[in-house]
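Participant: My questions will all concern the structure given below.
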Amino acid sequence: DSITKIDRKGEAKPFAAGLSGPVGVAVDRKTGDVFVANCRGNSIAKIAPDGTVASFATSDLFKCPNGIAFDGEGNLYTVNFRDNRMLKIDRHGSVTPFATVSDKGLGHICFSTDRFYVTAFQSNEIFQVTLDGKARRILGSGERGVVDGPDGTARLSFPNGIVCHPWGGRLYINEYVGETTSSVPRRAIVRQIIL
């Protein structure tokens, strides 16, 4: 229930504690504030640059908020792990529905240029969500597997983390490749997706 800060030299130091199942992290580049999706706490926390933790948003719409990201205008969004909703959080912490993304629970989210990319962990797919809230599947057949190829051919295995390349055109995702999400040892792969 804490966040660790790792500097450019690889040195790790405790940064903030007192969270409740922290998962996704997004940094406001203008203020240096860190926003954390608390899955177990069904809330979003705001951490000041000095490590002070404060509640930022709570809502009945949160169902294990997992991934969290800013758009290009500084608006904050999160996706729920326990349902298929993407939510928008305004600067005052008010939460509203933004998009229905898949048929099942979601993983993480990133933003590039003018759209979001969301992993649909439970349905083994990747979705694109435009700024008007329209979602469409861009990769994965819904059937679990590790198969490279274009959309109709590719199969994903519990895609979870996602990062947008800073100059666009590529995504990086991690996937669990064990028999189940709780297989031990947990094995994961990272794949590059060329848009």
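Participant: Let's test the formula: R0 of 22 Å, r as the Cβ-Cβ distance of ILE6 and VAL163. What FRET efficiency results, to the nearest 0.05?
Facilitator: About 0.90, to the nearest 0.05.
Participant: Ignoring ligands, DNA and RNA, what accessible area per residue does the range 61-195 give at 1.4 Å, in Å²?
Facilitator: Result: 49 Å² per residue.
Participant: Size of the dipole of the range 72-190 about the Cα centre, Lys and Arg at +1 and Asp and Glu at -1 on the beta carbon, nothing else charged, in debye to 20?
Facilitator: The calculation lands at about 140 debye.
Participant: What is the Cα centroid distance between the range 87-121 and the range 39-59, reported in whole angstrom?
Facilitator: 18
Participant: Which residue, VAL95, VAL36, VAL79, has the most motion in a Gaussian network model of the chain that connects Cα atoms within less than 10 Å?
Facilitator: Fluctuation is largest for VAL95.
Participant: What residues have an amide H closer than 5 Å to that of PHE56, excluding those fewer than 5 places away on the same chain, when H is modeled at 1.01 Å from N in the peptide plane?
Facilitator: Those lying under 5 Å, H to H, from PHE56 are ILE44, ALA45, LYS46.
Participant: Could you tell me which GluC sites (Glu not before Pro) in the range 64-160 are loop residues by DSSP with no more than 15 other beta carbons within 10 angstrom of their beta carbon?
Facilitator: Sites meeting the loop and neighbour criteria: GLU73, GLU143.
Participant: Under a plain spin-label model, where a point goes 7 Å from the Cα along Cα-to-Cβ, how far apart in nm are GLU73 and LYS104?
Facilitator: Here the answer is 3.4 nm between the modelled labels.
Participant: Pulled fully out, how much extra length does the chain show between LEU131 and ARG191, if you take 0.36 nm times their separation in residues and subtract their Cα-Cα distance?
Facilitator: Once the chain is fully extended between LEU131 and ARG191, it gains 19.0 nm.
Participant: For the range 33-119, run through the trypsin sites (Lys or Arg not before Pro) and keep only the ones in DSSP coil with at most 16 other Cβ atoms within 10 Å of their Cβ.
Facilitator: Passing both the DSSP loop test and the Cβ count: ARG40, ARG82, ARG91, LYS104.
The values are calculated or read from the model by the stated rules, or taken from the named source; none is laboratory data. Since we're looking at a predicted model, the values are computed, not measured. Note that each Cβ is placed from the backbone with ideal geometry, even for glycine, and that neighbours are counted across all protein chains shown. The accessibility values were calculated without ligands, DNA or RNA, using every heavy atom of the protein model including side chains. Shrake-Rupley method; radii C 1.70, N 1.55, O 1.52, S 1.80 Å.
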